Amino acid sequence: MSRDELIERASDAHSDAAAEIAAASTLDDLTDIDRRYLGKGSPLNTVREAIKTVDGPDRAAVGQAVSAARALIEETIAARRDALSAGDREAALDAERLDLTIGGRDYRRGHLHPVTRIWRELEDVFVGLGYKVAEGPEVELDWYNFEALNFPPGHPARAMQDTLYVRLGEPEQVLLRTHTSPVQIRVMESQRPPIYSVMPGRVFRRDTLDARHSPVFHQIEGLAVDEGITLGDLLGTIEAFIHALFGPNISARFLPSFFPFTEPSVEFAATCVFCEGEGCTVCSKTGWVELGGAGMVDPNVFAAVDIDPERYSGFAFGFGIDRLVQLLYGVDHVKNLWDGDVRFLRQF
Amino acid sequence: MRAPLSWIREFTPVEAAPADVADALNQLGLEVEEIDEPGREINGVIVAKILDVVPHPDADRIRLADIDYGDGQLRVVCGAPNIEPGMVVPYARLGAVLPGDFKIERRKIRGVVSEGMLCSPRELGLGDDHGGILALAPDAPLGADVREVLGLDDVVFHLAITPNRPDAMGITGVAREIAAAFGLPFTLAAEEPASVVDAIGESRVVVEARDRCPRFVAMTATVTMGPSPDWMQQRLRLAGMRPISNVVDVTNYVMLERCRPLHAFDLGRLAGKGIVVRLATAGEQMETLDGVVRTLTNEDLLICDATGVPQGIAGIMGGADAEVSDSTTEILLESAYFEPTGIARSAKRIGLRSEASARFERGIDPNGTASGAQRAMDLFAEVAGAQPAAGTIDEYPAPVTRPRISVRSARVNALLGTELDATAMQALLTPLGVETEGTGADFVAVAPTFRPDLQREIDVVEEVARRVGLQNIPRTVPSNPAKTGSLTPEQRERRAIADVLVGAGYDEAYTLPLLAPADLTRTGTEGFGVVEVENPLRAEESILRPALLPGLLRAAAFNAAHGTSDVALFELGTVFAPPPLGEPLPRESLSCAMVRTGSVRRAPHEPDRPVTTADVVAVVEALAAELRLADWRLEAVGDALGFHPTRAAAVIVDGQRAGVVGEVAEHARRALDLAVPVVVCELDVAVLAGGRRRPRRASLVSRFPASSIDLAFVVADTVPATAVRETLRAAAGAMGEQVELFDIFRAESLGPGRVSLAFTCSFRAPDRTLTDAEVATLRQAAIDAVVAAHGAELRA
């Protein structure tokens, strides 16, 4: 065949294929077309095999015509295949549809108790300020809970803390600690200054569990003993922790107070976090929320643990964790913290 | 302590607004709990006189009072029993407002119109007395505002006084602080009695217990009993005390004014007309003023008559025998200084705290004893027509001197972070009654005896801080560069344990560490040794928990009772056991417990399923993995307290029992009213975390494929699956990668008490693909080992 004839046959093959492709309605039809127009016995193949029958210089032109026709057919089939499969795919996806809003399965996260959450936050703040975390027993000797802390027997300040005693040893010598301060004594007994520690823990008072009281609650205390510690350091440290915990808009207020184990003694409050000092029901319109007590370690306490008060000075502070929890999470009933009701616990 | 502003002004001319006075008191450490303006809620109540009282036409108890209110007369309906013609009373006119925003309008009462209302003390907010209409002074001007007549135009500061400040338990002490804060003069006339005598007539004082009663002052006078004048009654009311009679009111007045508790005895009823101060004998009894018979110990101090019969518990409360009454004509006034801790102990032991004991136990001024008695005598003369007898008995063998305290100004600054010179410090101290001596950097502070809290240099440091004002002290932080903060490994691991449990779906509960013995009986754990609370308020909180599970199970039962029976709870907390021999304190350990009840929720994907022991075992496995325990296993246990005898396993770490996991005992489940499956675990954290750990080192991950084989064995059903698994692991040796139990099968065809356990074992070499021959050898070795160790047969 002549060169032109061959080129025409290639072109015809393309036109025929294009017509069939346009008419194809399934992917299988296309596979069949593909085989018939591009496969071994296809017209284009016949043309390609006939190339060698034309003169050398014309072979390239025929080859190009075959390649072009082949590329066009492939392209048209691919385009048609995409068109056809989009429909199929939609049907297939429809069949695969799942409703994820049904919710998850087999996994339910638990919840940390709100006291644990605030407890950890407080520890982290103080660790950030350079403090270690110290612990001690919950059942204590009178010496650690009172006497070493400058509460002599019969001291009226003992009446401030209604104590639960334990039936062990001499009467009223073994007790459930009324504050975490005995840990301060234990730390100072076992370690020489510099001391920078906080003592979170569980403490006890002679109260019955109801909406507002609990015989058990949690405190965190802090102790710094070093050379040159001042009352200014105490005030600044408490302010730093209040900023770290509540943010820069919340500041600290200090008023003189009395505790047997510190002198001078202060009590401290933070700007009410709810009204930022404007006055609201949480802070009884005062703009301040009482947090706890603090002061410079009394020389009598240093004497009890054999630390030289002329060389070292120190400060101590303490406040209630539960109170902070109640404040920050708006927990009205103390009892909720203790009855293990999951309707309460799962909120945190 | 309630301090009316008008009373304070008798001692210092403060004119500042009440809010500013309160602020100053707060800054000085006298905490103002409340600023009470008692008249603020009363409006339109005036003085009226009752002209006539006539019966109500339609009611027995209600009467009609014709009154004159200065500008006119009208009629009001009144239900009070005490009205009578001539009585001067508070009259709330139409449009008046009473406390509680109670507006007075014209009303008809049983058909008779009432043009306003006569008021009881309670209706005016003056306490709880609602027994009748308040009687005003007969000479009160008609039509005057009752707020002025009753002194209700005053401001009362409610103060919370710390235990170190007896002086601030008196108006004068509060006034002294205010004078210092505002730079005002403070004036207090403290006159000493004229002459000291051994006896006044027949009256003598014998102090047997000198160390408990370092000073005793007595004076006598004839008196005319009656009510005290209005001004005194008003002040007492504002200060929160009830007026009783002129004599008693004077003693209370001086107590409130000067923190000087006094006691007046009816001299005519005091046998021998004298006083003996002695310790009680153990078991001695006396009846106090409140009508209660008190049993005493030999540490309680008594004020007795000359024959030794108790007439009062010193510093706490008087007795009924020699109490002043309407018929009293002559009194003996006691003004004493008692040793503070003795009073504190007695008050606590007897369970009686009075206004007097609150002051004595803080330590009143021993040197104000006589002047306080003189102040009372002057008032007796003024309000009770008293004629004092000549002379004063003053038993004060060892006068208390003022402490002389050396103060180093450099030390003060070093502790406060201030830069004050000694002169400035002295100027701050003087208005507090502290005299100073010396002109250098170091000086002597001579403290007043009404401030027993001032004994040491540090006490003076505190005074300087109070006077400087805490808001004026620069805020710094300690600058030691060596301080580094961290949690200990134990503290970090405790958090990790809680986090694993939260990840496993458990909610953290806190349960009270105080339990009832019944909590143990109920949960079958009464076998634990317990530590008892000596003085519990109630039986429910009378022992320290020996384990967490009794409390945690109670929490689960609480949830079930409130409609949530599917719960997963955990707790991390201290448990208590009796002390080891020779130790004073109980053994405390940190325990970790879990309770899971009801169903595992799987709906709507699949049906819910009941919880099983495997649910808790999974958590134990997760904890062991978190802690990288090198050697731990479960071992069936039949006698664990509170556990099901055949559905429990001990958690063994390094051969030591860390705790138990399993189902709760059936009787416990029923006793707790839990109608659903309950699986639990309790672990001793110290044993768990004390276990040897796998090194925190990565091992090579092989690039070569694994070969897996399945093997099923028939064994006796008493053979623990974990034992077979361990045998397979050991047999696989270094090539073993994983051994997993994937099927448990029981059938008659296996024979009675036999069970089929099917395992997948996978083998892999780090450096090559295992050949079929190698795998076949490993397979045979595994089979041989299990057959030999457990009497197993391989299932075809």
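The values are calculated or read from the model by the stated rules, or taken from the named source; none is laboratory data. Fair warning: this is a prediction, and the values are worked out from it, not measured in the lab. Please note: Cβ atoms are built from the backbone with ideal geometry, for glycine as well, and neighbour counts cover all protein chains shown.
For residues that are over 48 Å from the mean Cα position of the chain (by Cα) and under 26 Å from B:Arg235 (Cα atoms), tally how many sit in the stretch B:51-84.
Selection size over the stretch B:51-84: 1.
Looking only at residues in the stretch B:87-113 that are small (Gly, Ala, Ser) and at pLDDT 90 or above, which one is nearest to B:Ile50 (Cα to Cα)?
Of everything passing the filter in the stretch B:87-113, B:Ala92 is nearest to B:Ile50 (Cα to Cα).
If I filter the stretch B:386-402 for residues that are out of contact with any helix residue (DSSP H, G or I) (no Cβ under 6 Å at 6 or more places or on another chain), under 30 Å from A:Leu231 (Cα atoms), within 13 Å of another protein chain (Cβ to nearest Cβ) and at pLDDT 95 or above, do I get at least one hit?
No, every residue in the stretch B:386-402 fails to be out of contact with any helix residue (DSSP H, G or I) (no Cβ under 6 Å at 6 or more places or on another chain), under 30 Å from A:Leu231 (Cα atoms), within 13 Å of another protein chain (Cβ to nearest Cβ) and at pLDDT 95 or above.
Tell me whether the stretch A:306-329 contains one or more residues that are of a type in the set (Val, Ile, Thr) and surrounded by fewer than 19 Cβ atoms within 10 Å (Cβ to Cβ).
No, every residue in the stretch A:306-329 fails to be of a type in the set (Val, Ile, Thr) and surrounded by fewer than 19 Cβ atoms within 10 Å (Cβ to Cβ).
Condition first: of a type in the set (Ser, Thr, Tyr) and within 60 Å of the chain's Cα centre (by Cα). Now tell me which residues in the stretch A:27-53 satisfy that.
A:Thr31
Given the structure, is B:Val567 hydrophobic (A, V, I, L, M, F, W, C), over 27 Å from the mean Cα position of the chain (by Cα), within 10 Å of another protein chain (Cβ to nearest Cβ) and on the phi < 0 side of the Ramachandran plot?
yes
Which numbered condition in (1) part of a loop (DSSP other than H, G, I, E, B); (2) within 10 Å of another protein chain (Cβ to nearest Cβ) is the only one that A:Arg192 fails?
(2)
For the subset of the stretch B:513-545 comprising residues that are among the hydroxyl-bearing types (Ser, Thr, Tyr) and surrounded by fewer than 21 Cβ atoms within 10 Å (Cβ to Cβ), which member is modelled with the highest pLDDT?
Here the answer is B:Ser542.
Rundown of residues vs (1) free of Cβ contacts under 8 Å to residues at least 40 places away in the same chain; (2) within 14 Å of chain A (Cβ to nearest Cβ); (3) over 28 Å from B:Val724 (Cα atoms), yes/no style:
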residue	(1), (2), (3)
B:Ser589	no, yes, yes
B:Arg628	no, no, no
B:Arg633	no, no, no
B:Gly642	no, no, yes
B:Ala648	yes, no, no
B:Glu666	yes, no, yes
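For the stretch A:300-348, which positions are facing chain B (nearest Cβ under 10 Å), in contact with a strand residue (DSSP E or B) (Cβ under 9 Å, 6 or more places away or on another chain) and free of Cβ contacts under 8 Å to residues at least 60 places away in the same chain?
Across the stretch A:300-348, the qualifying residues are A:Pro309, A:Gly340, A:Val342.
A quick yes/no check of all residues on (1) over 13 Å from B:Gly315 (Cβ atoms); (2) in contact with a Lys or Arg (Cβ under 6 Å, 6 or more places away or on another chain); (3) in contact (Cβ under 8 Å) with a residue 24 or more places away in the chain:
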| position | (1), (2), (3) |
| --- | --- |
| B:Gly363 | no, no, yes |
| B:Gly372 | yes, yes, yes |
| B:Met377 | yes, no, yes |
| B:Ala384 | yes, no, yes |
| B:Pro388 | yes, no, yes |
| B:Ile393 | yes, no, yes |
| B:Tyr396 | yes, yes, yes |
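Yes/no per residue for (1) surrounded by fewer than 22 Cβ atoms within 10 Å (Cβ to Cβ); (2) within 15 Å of A:Tyr312 (Cβ to Cβ); (3) among the aliphatic types (A, V, I, L, M); (4) modelled with pLDDT under 95:
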site	(1), (2), (3), (4)
A:Pro171	yes, no, no, yes
A:Leu176	no, no, yes, no
A:Thr180	no, no, no, no
A:Met188	no, yes, yes, no
A:Tyr196	no, yes, no, no
A:Arg205	yes, no, no, yes
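On the given criteria, is A:Gly136 at pLDDT 95 or above and of a type in the set (Gly, Ala, Ser)?
Criteria met by A:Gly136.
Quick test for you: out of B:Ile473, B:Ile405, pick the one residue that is within 10 Å of chain A (Cβ to nearest Cβ) and among the aliphatic types (A, V, I, L, M).
Answer to the check: B:Ile473.
Looking at A:Ala270, is it more than 10 Å from chain B (Cβ to nearest Cβ) and either in a helix (DSSP H, G or I) or under 28 Å from the mean Cα position of the chain (by Cα) (or both)?
Yes, satisfied.
Among residues belonging to the stretch B:546-564 that are at the interface with chain A (Cβ under 10 Å from one of its Cβ atoms) and in a loop (DSSP other than H, G, I, E, B), point out the one that is surrounded by the most Cβ atoms within 10 Å (Cβ to Cβ).
So the residue we want is B:Thr564.
Results for (1) touching a Phe, Trp or Tyr at 6+ places or on another chain (Cβ under 7 Å); (2) under 15 Å from B:Met377 (Cβ atoms); (3) in a loop (DSSP other than H, G, I, E, B), shown as yes or no for each residue.
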| residue | (1), (2), (3) |
| --- | --- |
| B:Val217 | no, yes, no |
| B:Pro227 | no, no, yes |
| B:Leu236 | yes, no, no |
| B:Gly240 | no, no, yes |
| B:Pro243 | no, no, yes |
| B:Met255 | no, yes, no |
| B:Arg260 | no, yes, yes |
| B:Ala264 | no, yes, no |
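Could you list, in sequence order, the residues of the stretch B:550-564 that are free of Cβ contacts under 8 Å to residues at least 60 places away in the same chain and over 31 Å from the mean Cα position of the chain (by Cα)?
Correct list: B:Gly563, B:Thr564.
Before we move on, is B:Thr484 more than 13 Å from every other protein chain (Cβ to nearest Cβ) and polar (S, T, N, Q)?
No: the conditions fail for B:Thr484.
As an exercise: evaluate A:Cys283 against (1) surrounded by fewer than 19 Cβ atoms within 10 Å (Cβ to Cβ); (2) more than 8 Å from chain B (Cβ to nearest Cβ); (3) more than 30 Å from A:Trp143 (Cα to Cα) and give the number of the one condition it does not meet.
The single condition A:Cys283 does not satisfy is (1).
List the residue pairs whose Cβ atoms are under 8 Å apart, where the first residue sits in the stretch B:689-702 and is part of a loop (DSSP other than H, G, I, E, B), the second is of a type in the set (Val, Ile, Thr) and surrounded by 11 or more Cβ atoms within 10 Å (Cβ to Cβ), and the two are 6 or more positions apart or on different chains.
Pairs found: B:Gly690/B:Val653; B:Gly691/B:Val653.
Among the residues that make up the stretch B:488-507, is at least one of them assigned to a loop (DSSP other than H, G, I, E, B), among the aliphatic types (A, V, I, L, M) and under 33 Å from the mean Cα position of the chain (by Cα)?
No, the conditions are met nowhere in the stretch B:488-507.
If you check A:Asp233 against the conditions, is it more than 10 Å from chain B (Cβ to nearest Cβ), farther than 30 Å from A:Asn336 by Cβ, of a type in the set (Asp, Glu) and touching a strand residue (DSSP E or B) at 6+ places or on another chain (Cβ under 8 Å)?
Spelling it out, it is not the case that A:Asp233 is more than 10 Å from chain B (Cβ to nearest Cβ), farther than 30 Å from A:Asn336 by Cβ, of a type in the set (Asp, Glu) and touching a strand residue (DSSP E or B) at 6+ places or on another chain (Cβ under 8 Å).
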